[in-house]
Amino acid sequence: MSRLSRRQFGKIAGWAALGPAAASTEPAGAGTAQESRFTGQGFISGFPSDFLWGTATSAYQIEGAVNEDGRGPSIWDSYTHRPETSAELGNADVADDHYHLYKDDVQLMKALGAKAYRFSIAWPRVFPEGSGTPNPKGLDFYNRLLDELLANDIEPFATMYHWDLPQALQDRLGGWISRDTANAFADYAGHVAERLTDRVRHICTINECARFVHLGYGLGLDAPGLKLSRAELNQVRHNVALAQGLSVQAIRAHGRTGTKVGPAENIVICIPAIETPANIRAAEIATRELNAAYLTVMLEGEYAEGYLARVGKDAPSYTARDLSIISSQIDFVGLNVYRPDHYVVAADNDRGFTLIPFPASFPHMDSAWLRIAPEAMYWAPRHVAKLWGVKSIYISENGTSATDEPAADGNFYDLDRIMYLRNHLLHLQRATSEGIPVSGYFVWSLMDNFEWSDGFQKRYGLYNVDFDTQRRTPKLSASFYREIIRHNAVV
Ligand code: NOJ
């Protein structure tokens, strides 16, 4: 693979080509009021003045360098190198080569005017065997990255687990089927917190429990590619929830006082089909029940009755002490919001709600699973604030894949991504203007990267990445997001 030098990289095709918005001279700071307004100036909806705008990525999806500086293999390395998956997916051995290009990538964030960056730490870099002796070089990269971010006034949000489980733990313990994996995770999280919380003030514990458990351990469609029984799967869910609580305790025990900790959850998002008080209540009831295995138990310290009734004899085994660990106090809830899971209406039945089936004509983005319902961005944080009194919420991810073909002039006019983001942000503005405590938003993703079981076929970045040359090129959505940040308003 040919790689660009730093100097060549600086000449990336650029902002100037991307139209008047990119070249605008409007003063920064305009539009900081929180209420919606029509100014005739083009921007219509403002956010709170201290709102944190960021971008997000994860370690395995961008870093590459899988064999460098003592990193051990993760379940995703093994999964992508299996003969049956490798041809279709490729692998992330190099990915965005961010391990070497991180300084340039921080400049990409800076060019957006982003104030925060959510990234993840690769557990197998820190503990190549999953537990035991830490790799002395394991945290060096993150130390360099943190220093670079802070030198550029970008606030780091570090995620402890974004699915790259050390393969050794899968081999030794069966991965998340074992409680010992939860204990190993807490040890790793404590180790990292002790060394990084002098600079990292926000830690996301686990990214999207539901996705990696369901697809990785239930359907065999993500690493480690298992299809466990219902009972085993519920035990995995419980162990992951336990890991969340144990890691919160470890981070508090070893991190600096004041470190803020919370999960980054892809909750099952339930939207009232028609916004009547009865349907809104039904959507809240559904939200509580359908998130029983993760956010509900984390915030309530009990498995909802409806959940236990539903799983019946396949319920996990657990103790009262487990429940109190799982519900260890968190400081914020991160929400990854992409699509609606259900539209809900009130019903005179045991559950108090009915989930309405989606019509075949319901629209979706480039990825078929990515149904378009921007109002999910209003309802997800609203339910969390209302049901559980959560006082601090971050949108830890939101974004879409797009086909991103270059136009004749070489630019990427990703109007579909802009449409998607703009409409979600309008609903986020609805939420903040009603006082729902959302403090920041992280677009997924800074740049195209390895999209798990979609390999490199699905692109989510604000920057296009040519994976042969590692050239990064801003798409039109990068200009769009830069203007959003500059005005602190939807433009
Ligand atoms: C959520 C996951 O956290 C992220 O890793 C993934 O790339 C995006 N969804 C898009 O599918």
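If you count only protein heavy atoms with a 1.4 Å probe, what accessible area per residue comes out for the chain, rounded to a whole Å²?
Normalised by residue count, the accessible surface of the chain is 38 Å².
Which of the three applies to segment 239-324, rounded, prolate or oblate, going by the alpha-carbon gyration tensor with a ≥ b ≥ c and a/c under 1.5 meaning rounded? Please report the intermediate quantities before stating the final value.
Working: a/c = 3.13, a/b = 1.46, b/c = 2.14.
Judged from the Cα gyration tensor, segment 239-324 comes out oblate (a/c at least 1.5, b/c at or above a/b).
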(request) Quick one: which residues, 5 or more positions from residue 74 or on another chain, have an amide H under 5 Å from its amide H? H modelled 1.01 Å from N in the peptide plane, none for Pro or chain starts. (result) 167
(request) With unit charges on the beta carbon (Lys/Arg positive, Asp/Glu negative), name the residue among 349, 214, 170 whose Cα is farthest towards the positive pole of the charge dipole of the chain. (result) 349
(request) Taking amide H positions as placed in the peptide plane 1.01 Å from N, state which residues far from residue 159 in sequence (5 or more) or on other chains have amide H under 5 Å from it. (result) 119, 120, 121, 204
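Rounded, prolate or oblate: which fits segment 60-210, taking a ≥ b ≥ c as square roots of the Cα gyration tensor eigenvalues, rounded meaning a/c under 1.5, else prolate when a/b beats b/c? Please report the intermediate quantities before stating the final value.
Numbers: a/c = 1.88, a/b = 1.31, b/c = 1.44.
The shape class here is oblate.
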(request) Jot down the radius of gyration and Dmax of the chain, Cα atoms only, both in angstrom. (result) 21.7, 66
(message) With the cut-off at 1.5 for a/c, could you classify segment 162-202 from its C-alpha gyration tensor as rounded, prolate or oblate?
(response) prolate
(message) Under a Cβ-only charge scheme (Lys and Arg +1, Asp and Glu -1), can you give me the dipole magnitude of segment 52-487 about the Cα centre, in debye to the nearest 20?
(response) 1060 debye
(message) Rounded to the nearest 10 Å², what accessible area does residue 375 have for a 1.4 Å probe in the complete protein model?
(response) 50 Å²
(message) Charges on Cβ only, +1 for Lys and Arg, -1 for Asp and Glu, centred on the Cα centroid of segment 228-330; of 309, 249, 292, which one is farthest towards the dipole's positive end?
(response) 249
(message) Once neighbouring chains are kept in place and the probe is 1.4 Å, which whole percent of the accessible area of the chain is contributed by carbon and sulfur?
(response) 52 percent
(request) Tabulate in residue order the Karplus-calculated ³J(HN,Hα) for segment 322-330, using 6.51 cos²θ - 1.76 cosθ + 1.60 with θ = phi - 60°, rounded to whole Hz; enter x for Gly and Pro. (result) 3, 5, 6, 5, 4, 8, 3, 4, 10
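The values are calculated or read from the model by the stated rules, or taken from the named source; none is laboratory data. Everything quoted here is computed from the prediction, not taken from an experiment. Every residue, glycine among them, receives a Cβ derived from its backbone with ideal geometry; neighbour counts consider all protein chains shown. Heads up: the accessible areas ignore ligands, DNA and RNA and are worked out on the full protein's heavy atoms, side chains in. Shrake-Rupley method; radii C 1.70, N 1.55, O 1.52, S 1.80 Å.
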